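Notes for the one structure printed next.
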Amino acid sequence: MITVTENMSEVKIIPGYNHFFSVARVNEDGIESLFSGEQFIQILSTDEPEVKKGIELLQNRPNPFDESTMIGFIVHDRPQSDKALITITDTQGQMAQQMTTSIKMGVNEILYDHGYGKVRTYFYNLIIDGKTIDTKKMVFVAF
């Protein structure tokens, strides 16, 4: 539930899309609190809730990115394995990096730190229990 009392810019919430929020409070003296950590919210609909199943690979953010980017996935149903493998390849299929992360229910994220170098397109795969769950494209744009 998002509750706002006054002075809010219009926020467009679209069902079926992933939304990331970070919030702060302004007290009656006009003093702003520190922002919260970024929270993942997925609005499924404005009517009846939809129950998702399985595992969903999210688009990296930011995308395009310059030095590093977050790769996330959502676990709706716990798989047999407690580890996930993220593989990153270039457009020629050459392996750029492999990263292993623990799996927990809900949102899981891992930081891919590429550093600086070339403008390039990569693909990242989420592999769990030896099966490729999904593949997404990301763009590296550091000059």
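Just so it is clear, none of the values below were taken in a lab; they were calculated from the coordinates. Because the structure is predicted, anything quoted here is derived from the model rather than measured. When we count neighbours, we look across all protein chains shown, and the Cβ atoms used for this are built from the backbone with ideal geometry, even at glycine.
Data table
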quantity: In Hz, Karplus ³J(HN,Hα) per residue of segment 98-103 (6.51, -1.76, 1.60; θ = phi - 60°; x = Gly, Pro); calculated: 10, 9, 10, 9, 6, 10
quantity: Charge tally in the Cβ shell below 15 Å around Arg78, where Lys, Arg are +1 and Asp, Glu are -1, Arg78 excluded; calculated: +1
quantity: Calculated over segment 67-143: convex hull of Cα atoms, volume per residue (Å³); calculated: 81 Å³
